[in-house]
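Computed from the coordinates by the stated procedures, all read-outs in this text should not be read as laboratory data. In this text the structure is predicted, and so the values were computed from the model without any measurement. For neighbour counting, all protein chains shown are included, and Cβ atoms are generated from backbone atoms with ideal geometry for every residue, glycine included.
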Amino acid sequence: MSDLIIAPSILSCDFGNLEYEVKRLESGGADWIHIDVMDGHFVPNITIGAPVVKSIRKICNIPLDVHLMIDNPEKYIKDFALAGSDIITFHYEAVKEKTPEVINLIKSYNIKAGISIKPNTPSSEIKSYVNMADLILIMTVEPGFGGQKFIEECIKKAVDIKSYVNKNIIIEADGGINNETAIVCRDFGINALVSGNYILSSNNIEDAIESLRV
């Protein structure tokens, strides 16, 4: 069994049949469900809030990997934690020097805390914080929309991040992930992959998920 975590994103789901979509991802072999939360300010799109996470929690038995692409994430951590998130990842660019406080707030709910960085943010900017976090999410596209092309240069940040950490940590990649770009990610030491379009557009969810592992 691969140690690689596959976290399909519901951003590419049919939201009119969300329960069906989540259950077929789970039964297809997903390790986590990745939930993209966008506010129309930090990124130019609006998606969902904590009530949807709460609804998914009721019908899903695997971890919910919640990615907050929002301004002032500290105002909403409680809502998303109590809704049933297992991991909450916020963007470093949204909080900057408040990063330690936001990490501690997330962990106060006994869940995992993640830091995400955009393509143009150097990994060195989060060097002081990586050992506080449980997960580092490297964006391999500009956050805000699904279906974008993978930016290969971004994934090289994983090398630096691995040199900063002194513990086991999850390094996740998100954006343009398919069976070809997954190979690049694995080669750079990524151990969790977020994929939406590639998995959800497949005729066979199980095969698509497995193709990312091998």
Inset, instruction - Would you mind checking the radius of gyration and Dmax of the range 72-146 based on alpha-carbon positions, in Å? - result: 11.9, 33
Legend entry - Estimated vicinal HN-Hα couplings, Hz - the range 156-165 in sequence order (Karplus 6.51, -1.76, 1.60; Gly, Pro = x): 5, 4, 4, 4, 5, 4, 5, 6, 7, 8
Inset, instruction - Count neighbours as other Cβ atoms within 10 Å of each site's Cβ, and list the trypsin sites (Lys or Arg not before Pro) in the range 157-200 that are DSSP loop with at most 13 such neighbours. - result: Lys167
Inset, instruction - Give me the orientation-averaged projected area of the Cα convex hull of the chain, in nm², one decimal. - result: 10.5
Inset, instruction - Filter the GluC sites (Glu not before Pro) in the range 86-193 down to the DSSP loop ones having no more than 13 other Cβ atoms within 10 Å, then list what survives. - result: Glu180
Inset, instruction - List every residue whose amide H lies under 5 Å from the amide H of Ile5, counting only residues 5 or more places away in sequence or on a different chain, with H placed 1.01 Å from N in the peptide plane. - result: Ala192, Leu193
Legend entry - Residue-by-residue Karplus 3J(HN,Hα) for the range 103-111, coefficients 6.51, -1.76, 1.60, Hz, glycine and proline x: 4, 5, 5, 4, 5, 5, 9, 6, 10
Inset, instruction - Tell me what the chain gives for mean residue ellipticity at 222 nm when only DSSP H runs of n ≥ 4 count, each as -39,500 (n - 2.57), the sum divided by the residue total, rounded to 500 deg cm²/dmol. - result: -8500 deg cm²/dmol
Inset, instruction - Calculate one ³J(HN,Hα) per residue across the range 186-195 by plugging θ = phi - 60° into the Karplus curve 6.51 cos²θ - 1.76 cosθ + 1.60, and present them in order as whole Hz with x for glycine and proline. - result: 5, 4, 9, x, 5, 10, 8, 10, 9, 9
Inset, instruction - Just the number, please: Stokes-Einstein D of the range 93-135 in µm²/s, Kirkwood Rh from C-alpha pairs, 25 °C, 0.890 mPa s. - result: 228
Inset, instruction - Return the lysines within reach of Lys75: Cα separation strictly under 18 angstrom, same-chain partners fewer than 8 residues apart disregarded; answer none if there are no such residues. - result: Lys54, Lys96, Lys98, Lys107, Lys112
